[in-house]
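One structure below.
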Amino acid sequence: MKFSEGEYTQDLCLQVFKDTILLSHLIDTDASDCELKTPEEIKRASFYLLNCFQLTYSTLSDSPALLMSRRKYEELREQADAYTLYVLTERLTAETGDVVNSPQLASVMKSPTAEGELKLCSMHEGTWYFQRALYMENNSGGWLVRVSGKPAEDWMIAVPLTRPQLCSIFYRWLLQPIEVSNGE
């Protein structure tokens, strides 16, 4: 997991097991690795790692998700600095077909103030599976971007999301293995 906002940076590895979560820092070698066992520890870590200090119980936006080719999205993201906001918006709109939300995503892609990436690796029946999710925000809002993990698949889906919503979702996702092992 990586997350950065201004001078605040996290780059770490989370190993999620049924009864515990191991957190290992990858950048700050002076920071000690830790084990998260209780829901309170997991919640505190989830919000701290994403630099979020407000809890939200709000529901997700009614805005539809944006869907487009992963390859086109990655191409646009790499070239975002070279495009004007107008050109980036036009290209995103052409790919997604959404004239309402594409400008908001273009704004965040063009000038993010916070960014994060979560790479998920899991093993099932001896085979590794990889998935990836990105988060980016600026003063116009935040977006969670889910990118296809298989080379043969070519899709990307983006959903408008606030950082407190992201923190709550991340916390609940990390809590699931512990709830299952405790029979909750």
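The values are calculated or read from the model by the stated rules, or taken from the named source; none is laboratory data. Because the structure is a prediction, the values reported are computed rather than measured. Backbone-built Cβ (ideal geometry, glycine too); neighbour counts: all protein chains shown. Ligands, DNA and RNA are excluded from the accessible area calculation, which covers all protein heavy atoms including side chains. Shrake-Rupley method; radii C 1.70, N 1.55, O 1.52, S 1.80 Å.
With all protein chains present and a 1.4 Å probe, how do F130, F53, F3 order by accessible area, largest first?
So, going from the largest accessible area down, we get F53, F130, F3.
Nearest 20 debye, what's the magnitude of the dipole of the stretch 93-169 about its Cα centre given +1 on Lys and Arg Cβ and -1 on Asp and Glu Cβ?
Dipole about the Cα centre, nearest 20: 160 debye.
Ignoring ligands and nucleic acids, what accessible area does E35 show with a 1.4 Å probe (Å², nearest 10)?
Only protein atoms counted, so the area is about 90 Å².
In square angstrom, what is the accessible area per residue of the chain with a 1.4 angstrom probe?
For the chain, the solvent-accessible area averages 59 Å² per residue.
Give the label of the value calculated from the structure for Cα extents along the principal axes in Å, choosing from (i) 95, 27, 17; (ii) 49, 38, 35; (iii) 54, 34, 32.
(ii)
How much net charge surrounds S4 when only other residues with a Cβ under 9 Å from its Cβ are counted (Lys, Arg +1; Asp, Glu -1)?
Here the count lands on -3.
Using a cut-off of 17 Å between alpha-carbon atoms, which lysines can reach K43, once sequence neighbours fewer than 8 places away in the same chain are excluded?
Of all the lysines, those that pass the test against K43 - Cα under 17 Å, at least 8 places apart if same chain - are K18.
Provide the FRET efficiency to the nearest 0.05 for the T38-W128 pair, computing r from the beta carbons and using R0 = 25 Å.
0.30
Would you work out what percent of the accessible area of the chain, with all protein chains in place, is carbon or sulfur (probe 1.4 Å)?
The C+S portion of the solvent-accessible surface of the chain is 53 percent.
Evaluate E = 1/(1 + (r/R0)^6) for L85 and F53, where r is the Cβ-Cβ distance and R0 equals 41 Å; express this FRET efficiency to the nearest 0.05.
0.85
Mind listing the lone cysteines of the chain, meaning no other Cys beta-carbon sits under 4.7 Å from theirs?
Lacking a cysteine Cβ partner under 4.7 Å: C13, C34, C121.
Using 1/(1 + (r/R0)^6) with R0 = 25 angstrom and r between the beta carbons of S24 and E78, what's the FRET efficiency to the nearest 0.05?
E(calc), rounded to 0.05, equals 0.25.
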